[in-house]
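One structure is given below, encoded as structure tokens.
The values are calculated or read from the model by the stated rules, or taken from the named source; none is laboratory data. Because the structure is predicted, anything quoted here is derived from the model rather than measured. Just so you know, the surface numbers come from the protein's heavy atoms only, side chains and all, with ligands and any DNA or RNA stripped out. Shrake-Rupley method; radii C 1.70, N 1.55, O 1.52, S 1.80 Å.
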Amino acid sequence: MDVVAKTKYSNEEIKARLVFMVGAGLTMSFLFSVIAILYGLLFVVQPMEQAPNDSAGWSVLSSMLLTLSGGLIGLLAGNGLKDKPKDPPQP
């Protein structure tokens, strides 16, 4: 049986993994929502008049997409902020 050596991650490595996982989750939900909206617009037969429920659904989806895109932009912009470099230990 192999024993996996457990390494302790530094704060920078933990932060990088966390940013990657959050970014991947937001990106996947954003892409799924956009694909669903495009599919609904292109391939589903719609009546001539829009139902009130459809109008409410579109407004919810549009606000959700605005929130997701804002979160992704904030995550990418905040990723450029680096932690202060640590001073080397004094002898």
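Residue order by solvent-accessible surface for PHE30, PHE43 is PHE43, PHE30, largest first, with ligands and nucleic acids left out and a 1.4 Å probe. Each residue was assigned an accessible area with a 1.4 Å probe, and for VAL19 the value is about 40 Å².
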